[in-house]
Structure formats: C-alpha cells, structure tokens
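Down below is the structure, laid out as structure tokens.
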Amino acid sequence: MLSPFVRSAVILGLMSAVGPLAIDMFLPALPTVADHLGSTAAAAQLTITAYFIAFGLAQMIYGPIADMVGRKPPVIAGLALFSAGSLVCAAAPDMAWLVGGRVLQALGGAAVMVIPRAIIRDMHTGSQATRLMALVMLIISVSPMLAPLIGSGIIAISGWRAIFAVLAVAGGLSILLTLTLQPETLKPENRVPVRFSAIVGGSLKLLRDPVFMGLTFVGGFGMASFFVFLASASFVYTGHYGLTPTGFSLAFAANALGFFSASQLAASLGEKFDAERVVSWAVSGFLGFTLLLLALVAGGFDHFVLLVGLLICANACLGLVIPTTMVMALDDHGDIAGLASSLGGMLQMLAGGILTMLAGPFFDGTPLPMVAAIALAAVLAFTAMRITGSARGRRLVAAQ
C-alpha cells in the first residue's frame, strides 16, 4: 500500500501531467499538421508558442482564486476548459482555429501547473517539499517519455486530430481523479478574499523581492530552453536528420529521461550540500554543456549523436535546477503561496514564449539556431543565478 507521501505524489503527478501531454503528444504531428492545413512550419510552431504564452498569463488567474475558494474548484474548472479546447483543436478547419483551440487548452491547463505547487506548499516546506516536487515530476516524466510515441501511434492509426480527442478524454479523467482522490489542502480559515488591491499588493511584494525574482528566472530561463527545443526539435530531427516520427519520439524520450532522472537527486543533494550550492553547480553545468554544443555545431560538427548526447547532459543539469528553484522561490511566501506560484509560473512561461518567438525568425530547419537559442537561455539562467546569490547574501547579512 502506498504511503500518504507517495500517494500525494501520484495524484498530483497524474493531475499535472495533462498540461505536458498537450505539448508532447502533439509534437510528432507538427510537420503533418503544417502540410495538412496548407500552412508553414513557422505557423505550426505558433501553436506551441501561443500555448506557452496563454498558459503563462492564465496562471495569474488561478493562484489568487485558489487562495480564496480552495485548491479543488479551480482545478476542476481549468480541466473542463482544457477538454473544451481539445475538442476545438480536433475539429479545427484551419490553422487559425487550431491556434485558438490551443489557447483555450492552455487557459485551462494552467490550473494544473499552478495549483499542485500550492498544494505541495500547503503540506510541506524545505527538503520535504523538494522531495515531493521531485516525485511529482517523476510521475509527470511519463508524459515526455511516452507521449510522443503515443502521439505517433495515434497519427498512424487515426490521424493527428485524434490526438486532441484523446486529450479531451484525459482532461475528463483528471476531473474525476480530482473529485474522488485529491483532498482539499487549504483550510477555510486560511483562505483569503480575492481583492484587486490584495493581488496588486502581493504581486508588488513578490516583484520587489530579488530572491524570489532571481530564483523564478533561473528556473524560467532553464524552462525557456525546453520551449525552444519543443518548438524546433521535430522539424530538425525529422527534416534535417531524417528521423521518422517514432525515431523522433525515442530521441525526445532520451532527453526527458536525463532531466527526470536527475530531478530525483535534487532533494538528497540539497540536504547534503545545501540547495543553493546545488543550483549553482547545476546551472554552471548547464551553461558549460550548451556552450560546448554551440561551439561544436557552429564549427561544423553536425552529428545527431553529439547533439542528443550533450542535450541529455544539459537537461540533466536542469533536472536539479527546476524543482529546487520552484520550492526555494515559495519558501518565504507561504501566506500567498497561490499568488507566488501564479506569478512565478507566469513569468517563467512568458520568458519561454518570448525567447521562442525571438528565435523563430532565425529557424531554418538546421540545428544551429535551436542550439544557439538554448545556449542563450543558459547564459541568462547563469546571470540570474549570480544576481540571486548576491541578493541572498545581502539578505543573510541584514538578518544577522
């Protein structure tokens, strides 16, 4: 029988997996969708970018609502909207309708990004919260490792539209899971009314906190590298390297495996060496691997195994960074955990969406633009880490 700790991780992980599924199952279909709807690769990439931006903006809605009415009602409402958006995508007659459906998906799916993090903060802090976050991410890891393969199978059997029908069903099953198995973690006496002034005041407090902002953007620029990869990899792997959709799915799973395997070490390493030090080491490793990859690709070493191998190493570093910075950013803001999770998630998704849009015009189907944008994300994450370290040092001195 599962312990309560592991049971919570399984429930939250399955609930949270809906959002990544909407991205990962669709990736093998991107070239097919562009051809089928008579559009371009850039327009197909917009279905990813639009999802990220809408996903980020919507997070500011769910956090404050979850602080007012509890965690479960907004999760259920978001999942219902996600399923509705999936059905719009399944029936989309052209690229504009598909992008619109993706926006609806994102507006709903944002609920299961924000609120599980607030639930974790309701139950735990410090290393226990990091451990639970890492377990949740381990459950979610099934999505990037298997979802592209599932998507490829669905495309082969029923076409790309069936992917969105499956996502609509997944949203409905997540609603059932939330209703029956997820307890409410925010007690009525701890709920706060949603007042515009309170949201503005809490947001200003967070925006003025250099440690919160720094940690948010360390993780955010790390996530931005994923967004660039997600928007570009299917075209690079299938178009430039000639992989089949199934081959792309396997290569994609290898990258995800590096990230999620490393994420399981985050809590224990944080306890042994201090979380801030682990983040510093991991961000430095992320920077080193991506700059090495950029130098090799720019120098003409265009080899698929080299690309995948160094991306796995870089993503393994991010497996230590992202869950740890998520927990560290919320540690000092338990009284407004929902708002902090919303604001942090929004800023991270916007950073990723903006970087992906900026990289889009340079995309030519070869690995170089993708690798250069990933390396830029690493430079920005490293810069944010150094600024955060200085801010934390000043805070510790002031507290003494």
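Considering each of G222, G242 in turn, give the residue that is without any contact (Cβ under 8 Å) to a residue 60 or more places away in the chain, within 25 Å of Q45 (Cα to Cα) and out of contact with any His (no Cβ under 6 Å at 6 or more places or on another chain).
G242
Answer with yes or no whether G270 is closer than 22 Å to L146 by Cβ, small (G, A, S), crowded, with 19+ Cβ neighbours inside 10 Å and touching a residue at least 24 places away in the same chain (Cβ under 8 Å).
The answer is no for G270.
Please list, ordered by first then second residue, the pairs with beta carbon atoms under 7 Å, 6 or more apart or interchain, first in the stretch 190-211 and touching a residue at least 24 places away in the same chain (Cβ under 8 Å), second small (G, A, S) and part of a loop (DSSP other than H, G, I, E, B).
Final answer for the pair search is R191/G70.
Do we find a residue being open to solvent by less than 10 Å² (accessible area, probe 1.4 Å), among the β-branched types (V, I, T), part of a helix (DSSP H, G or I) and at pLDDT 85 or above anywhere in the stretch 136-158?
No, every residue in the stretch 136-158 fails to be open to solvent by less than 10 Å² (accessible area, probe 1.4 Å), among the β-branched types (V, I, T), part of a helix (DSSP H, G or I) and at pLDDT 85 or above.
Which one of these does S261 not meet: (1) touching a residue at least 60 places away in the same chain (Cβ under 8 Å); (2) within 18 Å of the chain's Cα centre (by Cα)?
Tallying (1) touching a residue at least 60 places away in the same chain (Cβ under 8 Å); (2) within 18 Å of the chain's Cα centre (by Cα), S261 fails exactly one: (1).
Among P116, P93, which is part of a loop (DSSP other than H, G, I, E, B) and either without any contact (Cβ under 8 Å) to a residue 60 or more places away in the chain or in contact with a helix residue (DSSP H, G or I) (Cβ under 6 Å, 6 or more places away or on another chain) (or both)?
On the way: P116 fails: part of a loop (DSSP other than H, G, I, E, B).
Every option except P93 fails the conditions.
Can you list residue pairs whose Cβ atoms sit under 6 Å apart, with the first residue in the stretch 1-21 being farther than 24 Å from P148 by Cβ and the second being open to solvent by 40 Å² or more (accessible area, probe 1.4 Å)? Count only pairs 6 or more apart in sequence or on different chains.
I11/L181
Is it the case, given these coordinates, that D94 is closer than 30 Å to H36 by Cα, modelled with pLDDT under 90 and open to solvent by 10 Å² or more (accessible area, probe 1.4 Å)?
Spelling it out, D94 is indeed closer than 30 Å to H36 by Cα, modelled with pLDDT under 90 and open to solvent by 10 Å² or more (accessible area, probe 1.4 Å).
Of all residues in the stretch 170-187, count the ones that are touching a residue at least 60 places away in the same chain (Cβ under 8 Å) and either open to solvent by 90 Å² or more (accessible area, probe 1.4 Å) or assigned to a loop (DSSP other than H, G, I, E, B) (or both).
Matching residues across the stretch 170-187 total 5.
Identify, from the list V297, V327, V379, V278, the residue that is part of a helix (DSSP H, G or I) and surrounded by 24 or more Cβ atoms within 10 Å (Cβ to Cβ).
Details: V297 fails: surrounded by 24 or more Cβ atoms within 10 Å (Cβ to Cβ); V379 fails: surrounded by 24 or more Cβ atoms within 10 Å (Cβ to Cβ); V278 fails: surrounded by 24 or more Cβ atoms within 10 Å (Cβ to Cβ).
Of the residues listed, the single one that is part of a helix (DSSP H, G or I) and surrounded by 24 or more Cβ atoms within 10 Å (Cβ to Cβ) is V327.
What are the residues in the stretch 200-232 that are of a type in the set (A, V, I, L, M, F, W, C) and within 16 Å of the chain's Cα centre (by Cα), if any?
Once the filter is applied, which keeps residues that are of a type in the set (A, V, I, L, M, F, W, C) and within 16 Å of the chain's Cα centre (by Cα), the stretch 200-232 yields L215, F217, V218, F221, M223, A224, F226, F227, V228, F229, L230, A231.
The values are calculated or read from the model by the stated rules, or taken from the named source; none is laboratory data. Here the structure is a predicted model, which means the values were calculated and not measured. Cβ coordinates were reconstructed from backbone atoms using ideal geometry, including for glycine residues, and neighbour counts include every protein chain displayed. Quick note on the areas: whole protein, heavy atoms, side chains included, nothing else; ligands and nucleic acids left out. Shrake-Rupley method; radii C 1.70, N 1.55, O 1.52, S 1.80 Å.
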